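Worksheet: the structure to be examined is printed underneath.
The values are calculated or read from the model by the stated rules, or taken from the named source; none is laboratory data. Worth saying up front: this structure is predicted, and the values here are computed from it rather than measured. Note that we place each Cβ from the backbone using ideal geometry, even for glycine, and neighbour counts take in every protein chain shown. Calculation scope for accessible area: heavy atoms of the full protein, side chains included, ligands and nucleic acids excluded. Shrake-Rupley method; radii C 1.70, N 1.55, O 1.52, S 1.80 Å.
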Amino acid sequence: MSLPELPPHLLDVDPDDVPRPVLVVGMGLVTGGFELNFHTHRKAQLFFMLRGEVTCEASNALWLVPPQSALWIPGNTNHSIKGRAPLEGLALFVEPDAIATLPRECCAVSVSPLLRELLFRAATLPALYPLDGPEARLVTVLLDELAAAQVENLRLPMPTDARLRRLVEMITAHPADGATMKEWARRIGVGERTLSRLLVHETGMSFGRWRQQLHIILALQWLTRGASVQSVAIDLGYESASSFVTMFRKALGTSPARYITRRLDLARVDAGD
């Protein structure tokens, strides 16, 4: 199924000003990229990616939204977004009090086949759809299905300490660098114990666990863009593809090939290929 044709007026309206529990709008990018600096919305948001990828920094974490996944951002949450073409997806805006069981914190969620179809259908509704009748019932089911969505492990805690942010930049630029925590601490000018304490305080993770999560995020980006498992393993500094696959499977419950193939297959179905 391709992205539904959306009423033109939906693309120009401020979602916060629409007096309805739910508003769904389409988003797409054929070439290039986009970047939205930190901002907030009164309404909560769900970004669902059909094709392409989006990264979002919010709640002291970096989130990756690969194809066929979604990111939930509660209302009034400060966040920034970067996207890379080709990109196509849906943005769902939800009144904060629409349903009490919606997540209270940012989280990446898997999108069930039913939730996907409900999002597609809701995207065709007019901005001021009737508050009773079939449209309202559709919105109720959509919110119930969203509340039941499974959370995915696509979150990378991001520190605020300037020294740790420098560490993030350095490791991200050279993810295959297998230097010890002691060596990384020396490079940013702190003691090993200080680095360990700061990381746990600001991210809730040890150095090794944080670096592994960064590897998962980078791997998903590269695999989504068409890189092979072998090349990703090499670029992340693993001794073999099998050791990378073992790490990935423990973290996400399946092999990288199956994880990406499933999402890209769904993307091709959405595109009508």
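Remark: T31 matches the filter, which requires a residue to be hydroxyl-bearing (S, T, Y) and out of contact with any His (no Cβ under 9 Å at 6 or more places or on another chain). When the residues of the stretch 125-168 are filtered to those that are in a strand (DSSP E or B) and among the aliphatic types (A, V, I, L, M), which remaining residue is surrounded by the most Cβ atoms within 10 Å (Cβ to Cβ)? Here the answer is L156.
The single residue among A122, A98, A91 that is under 24 Å from V18 (Cα atoms), open to solvent by 20 Å² or more (accessible area, probe 1.4 Å), at pLDDT 85 or above and among the small types (G, A, S) turns out to be A98. Here the stretch 28-80 is the region considered, the condition is being hydrophobic (A, V, I, L, M, F, W, C) and open to solvent by 40 Å² or more (accessible area, probe 1.4 Å), and the residue that is farthest from E117 (Cα to Cα) is F38.
Note on the stretch 70-124: residues that are among the hydrophobic types (A, V, I, L, M, F, W, C), over 26 Å from V30 (Cβ atoms) and part of a loop (DSSP other than H, G, I, E, B) amount to 5.
Take the stretch 53-66 and flag every residue that is within 11 Å of the chain's Cα centre (by Cα) and not hydroxyl-bearing (S, T, Y). If the condition is that a residue be within 11 Å of the chain's Cα centre (by Cα) and not hydroxyl-bearing (S, T, Y), then E53, V54, C56, E57, A58, A61, L62, W63, L64, V65, P66 are the ones that fit. Looking at G208, G204, G191, can you tell me which residue is over 29 Å from the mean Cα position of the chain (by Cα) and either touching a residue at least 12 places away in the same chain (Cβ under 8 Å) or farther than 24 Å from C56 by Cβ (or both)? So the residue among G208, G204, G191 that is over 29 Å from the mean Cα position of the chain (by Cα) and either touching a residue at least 12 places away in the same chain (Cβ under 8 Å) or farther than 24 Å from C56 by Cβ (or both) is G191. Across the stretch 82-104, the number of residues qualifying as over 18 Å from A58 (Cα atoms), of a type in the set (G, A, S), in contact (Cβ under 8 Å) with a residue 24 or more places away in the chain and out of contact with any helix residue (DSSP H, G or I) (no Cβ under 8 Å at 6 or more places or on another chain) comes to 2. Checked against the criterion of being surrounded by 15 or more Cβ atoms within 10 Å (Cβ to Cβ), closer than 22 Å to G83 by Cβ and not aromatic (F, W, Y), the stretch 181-201 has no qualifying residue.
Looking only at the stretch 173-184, residues that are in contact with a helix residue (DSSP H, G or I) (Cβ under 7 Å, 6 or more places away or on another chain) and part of a helix (DSSP H, G or I) come to 3 in all.
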